[in-house]
Amino acid sequence: MQATCFKFYWELAHQDPSSGVKIHPMTEYFDDQNDDSNIWYKALMPDYRVVPASELPAGVSLGVKYTAIAMNPLFLLPWLKTQLEAKGVAFIRAEVKTFDEARHITKANIIVNASGVGARELASDAAVRPVRGQTMFVKTDFNQLFIREGSEYTYVIPRAGSGGVIMGGIKSDRLDAEVDVALKSDILRRVNHMTNGAFEGLDLGSATDLVGFRPGRTTGIRVEREGDVVHAYGAEGAGYIYSFGVAEKVGLLIEGGGLRAKL
């Protein structure tokens, strides 16, 4: 699903920049593996190469570089809504507590349950839970993607059209929306270590704090059909990475049930 999604975004970045999808050079670091034998996407990503050991930051055991994409939801979601409305899709904002309520409102034969954390109640799925994240938006012309994985999860992601980047990250079981001030300094320290001091001297007072709750699932993403309901939830922080791949699979599950989707 991720491979399908990447191919979609790659074409979109070339065909319609107004979508908020843009191509960037990516550097990915790991401190929990010594070679790239477990990196399944190395044949998929353009310009893929392994970083020489002499160029790795302290504490990093593996680095890879490739060309990747990043999207700005503030542009992508309105763009997507416009595309769907042009195809006759109607958007209805309402609260539903059961699938029967959704059927009553939409008169649909098939319900796609992409309700995020709401699936805990709608689908009676106790594995669903919110995962707290805290990031910072920083104004800068820095235009590279960086991620470090393993003992920590740190990233810098450019936001197309916004004049800045998103810095993170953290995952937490906390359910409050208060900004953890100490975490801001820790994120910046980790980002500077990863980017060779690209943000040294940054005034954290100028950063915009972002706290949100990602729709997680302890048993992983769920994309399957259950009668006349197709479930599609549990991607946690990887929703945009999975999105169009999930959509394709959902379409196949609908068609496989004997009802061909119009879109």
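The values are calculated or read from the model by the stated rules, or taken from the named source; none is laboratory data. None of the values given here were measured: they were computed from a predicted structure. As a convention, Cβ positions derive from the backbone with ideal geometry for all residues, glycine included, and neighbour counts pool all protein chains shown. Note: areas computed on protein heavy atoms with side chains; ligands, DNA, RNA excluded. Shrake-Rupley method; radii C 1.70, N 1.55, O 1.52, S 1.80 Å.
Every condition in (1) more than 27 Å from residue 22 (Cβ to Cβ); (2) outside any loop (DSSP other than H, G, I, E, B) is met by residue 151 except one, and the failing one is (2).
Candidates 46, 17, 25, 52: the one that is modelled with pLDDT under 95, on the phi < 0 side of the Ramachandran plot and not aliphatic (A, V, I, L, M) is 17. Considering 80, 76, 84, the condition of being over 20 Å from the mean Cα position of the chain (by Cα) and either modelled with pLDDT of 95 or more or of a type outside the set (Val, Ile, Thr) (or both) is satisfied by 84 alone. Considering the range 205-237, the residues that are part of a helix (DSSP H, G or I) and either in contact (Cβ under 8 Å) with a residue 24 or more places away in the chain or among the hydroxyl-bearing types (Ser, Thr, Tyr) (or both) include one that is most open to solvent (accessible area, probe 1.4 Å), namely 206. It is to be established whether one or more residues within the range 94-116 are open to solvent by 90 Å² or more (accessible area, probe 1.4 Å) and either of a type in the set (A, V, I, L, M, F, W, C) or touching a Gly at 6+ places or on another chain (Cβ under 6 Å) (or both). No - not one qualifying residue is present in the range 94-116. Is it true that residue 36 is assigned to a loop (DSSP other than H, G, I, E, B) and touching a helix residue (DSSP H, G or I) at 6+ places or on another chain (Cβ under 9 Å)? The answer is yes for residue 36. Restricting the first member to the range 1-26 and to residues that are among the acidic types (Asp, Glu), and the second to residues that are open to solvent by 30 Å² or more (accessible area, probe 1.4 Å) and in a helix (DSSP H, G or I), the beta-carbon pairs closer than 8 Å and six or more apart or on different chains are 16/79.
Restricting attention to the range 6-33, which residues are farther than 20 Å from residue 82 by Cβ and outside any strand (DSSP E or B)?
Those that are farther than 20 Å from residue 82 by Cβ and outside any strand (DSSP E or B): 6, 7, 10, 31, 32, 33.
Every listed requirement among (1) open to solvent by 20 Å² or more (accessible area, probe 1.4 Å); (2) more than 26 Å from residue 68 (Cα to Cα) is met by residue 119 save one, (1). For the range 175-193, state whether one or more residues are of a type in the set (A, V, I, L, M, F, W, C), surrounded by 13 or more Cβ atoms within 10 Å (Cβ to Cβ), in a strand (DSSP E or B) and out of contact with any Gly (no Cβ under 9 Å at 6 or more places or on another chain). No - not one qualifying residue is present in the range 175-193.
Restricting attention to the range 161-174, and to residues there that are in contact (Cβ under 8 Å) with a residue 40 or more places away in the chain and over 15 Å from the mean Cα position of the chain (by Cα), which single residue is surrounded by the fewest Cβ atoms within 10 Å (Cβ to Cβ)? Step by step, filter the range 161-174, then rank; the result is 173.
When the range 1-25 is filtered for residues that are of a type in the set (A, V, I, L, M, F, W, C) and within 15 Å of residue 159 (Cβ to Cβ), the ones remaining, listed by number, are 13, 21, 23.
Selection of the range 48-58 for residues being open to solvent by 50 Å² or more (accessible area, probe 1.4 Å) and either in a helix (DSSP H, G or I) or in contact (Cβ under 8 Å) with a residue 40 or more places away in the chain (or both) yields 53, 54, 55, 58.
For the range 122-152: of the residues being touching a His at 6+ places or on another chain (Cβ under 8 Å) and closer than 30 Å to residue 26 by Cα, which is most open to solvent (accessible area, probe 1.4 Å)? Result: 143. As a summary of the residue check, residue 45 satisfies the conditions (1) under 24 Å from residue 9 (Cα atoms); (2) open to solvent by 30 Å² or more (accessible area, probe 1.4 Å) except for the one numbered (2). Test residue 117 against the criterion of being in contact with a Ser or Thr (Cβ under 9 Å, 6 or more places away or on another chain), closer than 23 Å to residue 225 by Cα and modelled with pLDDT of 95 or more, and give yes or no. Spelling it out, it is not the case that residue 117 is in contact with a Ser or Thr (Cβ under 9 Å, 6 or more places away or on another chain), closer than 23 Å to residue 225 by Cα and modelled with pLDDT of 95 or more.
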